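Structure first, commentary second.
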Amino acid sequence: GESLLPEAGYAELVGRAFDFASEALLEHVLGERRLLARLASMKHYFLMDQADLYVNFMDLAEEELRKEMRLVSKARVEALLQVAVQASVSGGSDPFRDDVSCAFAPYSMIQHLDAIHAKDGLAHAANHAATSNQMGAALKGIEVFMVDYKVTWPLSLVVSKRSITKYQLIFRHLFFARHVERCLKATWQGQQALKELDVRAAGGRSYCLRHRMLGFMQSIVYYFTYEVIEPRWHEMETRVASSRTMDEVLSAHAELQDAILKECLLTNQELLKILTKIMTICLLFSEQMNRFFEANRLAPDDYSPSLAPDLGLGGASGGDVYGALGDHLESVVGTGRGDSTAIRRARVEARSESIKAELEQESYVRMIMSYEKNFDQLLLDFMGRLGRNARFQANNHLSNLVMRLDYNSFFSGPAAI
């Protein structure tokens, strides 16, 4: 029979039904399903808005994550992550904390991003990663660690599997940057432990290089956290709270992720690869220096028998070392064995001479100069490309990063390195 309503009438009815369903779903998602609280929970884990979770976790799991991926115990890392979550400020009171878990990617972050742009997708990255591993470039746990999050319907309409993948990319970028910053801070602590030794002149070059590396990494982490993530997240929350349809919510959340990916340089492969190389150089330098400081730290009260050669004690060992040490120090002090300050001073002088000799070795100086040269070259390349992208593409976020890293025109001025 003939239609009782014209075509326009059907369109109006369908539109009204859609609007009603959308408003009902939005009310359910924002109200009963607590979308904003769920997103805040995800921000805590993926974007590390409160760094106590990262610090707690790395204090527990750093040793395990430094191993090659094939040697990492996933069950152990998962257990340590749950302990860190429970101990964190927000995680302990987070009703959704049981939905977070650890995961390990089969490829590096650069391979992951390359796969997203490749025609054959993630299979290409997995094959490339396998080939790289066979060639000796085995990935460490710290390079492939990420968190995962369980989301059920209807929240999965907003936080889809694709959204989780974007969060994981951002997490891996932030996690590695914070790890490099943490290692450089450990290097600073090692240098402070040697402060009472008279080695500043001999180690000055490495001290200055560590200072520059740490300043760069702190600027990068600050930019990611406070100039990108926090402002964008606040905008997203405001938009979601005032949304009238689910489409507006979906749009606000998707634009948040895309903006963070772009402004954290994850969509610019040229800049990202150079930044990753810089962070890798910083990490290798830090690990090398930390091993050196660990081997040469002076104990506050104990005497190391390894000092015997430095004090001219010859082949003395065991109890003879300490007897010879007492005789030697008594001759240095000249007032007997009771002057602990003079004894320690003699010990410090001996250790200072020993470490000075190591710091002035040609191999050590050459190693520091190599790190310095590579860091300077990569940093100059990065700053040059960053400045060109900021000027020619009119990207405000890149201009902000250039201003933060080159606030005194050190890289762009006439006296640039």
Practice item. Can you send over the solvent-accessible area of Tyr226, 1.4 Å probe, protein chains only, in Å² to the nearest 10? Key: 130
Revision key, fill the gap. Once Ala87 and Gln50 are pulled to full extension, the length gained, defined as 0.36 nm per residue separation minus their Cα-Cα distance, is 12.1 nm
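Report the extension gain between Leu157 and Ala193 in nm, rounded to one decimal, defined as 0.36 nm multiplied by the number of residues separating them, less their alpha carbon distance.
Answer, rounded to one decimal: 7.7 nm.
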Exercise for review: Tell me the label-point distance for the pair Lys356, Ala17, using the 7 Å Cα-to-Cβ offset, in nm and rounded to one decimal.
Suggested key: 8.9
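Order Met367, Met109 by their accessible area, 1.4 angstrom probe, all chains in place, largest first. Before the final figure, lay out each step's value.
Values: Met367 45, Met109 25 Å².
Ranked from most to least accessible, the order is Met367, Met109.
Top to bottom by accessible area (1.4 Å), largest first, where do His397, His211 land?
His211, His397
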**Study point:** Glu227 versus Leu71: modelled label distance in nm, points set 7 Å from Cα along the beta carbon direction
**Key:** 3.9
Review point. Can you give the relative contact order of the stretch 188-296 as a percent, counting alpha carbon pairs under 8 Å and 6+ residues apart?
Key: 31
Check your understanding: With every protein chain left in place, what is the accessible area of Cys282 in Å² (1.4 Å probe, nearest 10)?
Key -> 0
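For the stretch 139-178, which trypsin sites (Lys or Arg not before Pro) pass both filters: DSSP loop (anything but H, G, I, E, B) and at most 16 other C-beta atoms within 10 Å?
Numbers: sites: Lys140, Lys150, Lys161, Arg162, Lys166, Arg172, Arg178; in loops: Lys150.
Those satisfying the criteria are Lys150.
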Check your understanding: In 10 Å bins starting at 0, how do the alpha-carbon pair distances of the stretch 134-289 split up by percent?
Key -> 9, 30, 28, 18, 10, 4, 1
Study note, to complete from the structure: Arg76 neighbourhood, Cβ < 12 Å, K/R = +1, D/E = -1, net charge -1
Review point. Considering only protein heavy atoms, what is the solvent-accessible area of Asp49 at a probe of 1.4 Å, reported in Å² to the nearest 10?
Key: 60
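With all protein chains present and a 1.4 Å probe, how do Ile343, Ile116, Ile368 order by accessible area, largest first? Display every interim value, and only then the final one.
Working: Ile343 40, Ile116 90, Ile368 5 Å².
The residues order as Ile116, Ile343, Ile368, largest area first.
The values are calculated or read from the model by the stated rules, or taken from the named source; none is laboratory data. Quick caveat, the model's predicted, so the values are computed rather than measured. All Cβ positions, even for glycine, are placed from backbone atoms using ideal geometry, and neighbour counts span all protein chains on display. Surface areas here come from the heavy atoms of the whole protein model, side chains and all, with no ligands, DNA or RNA. Shrake-Rupley method; radii C 1.70, N 1.55, O 1.52, S 1.80 Å.
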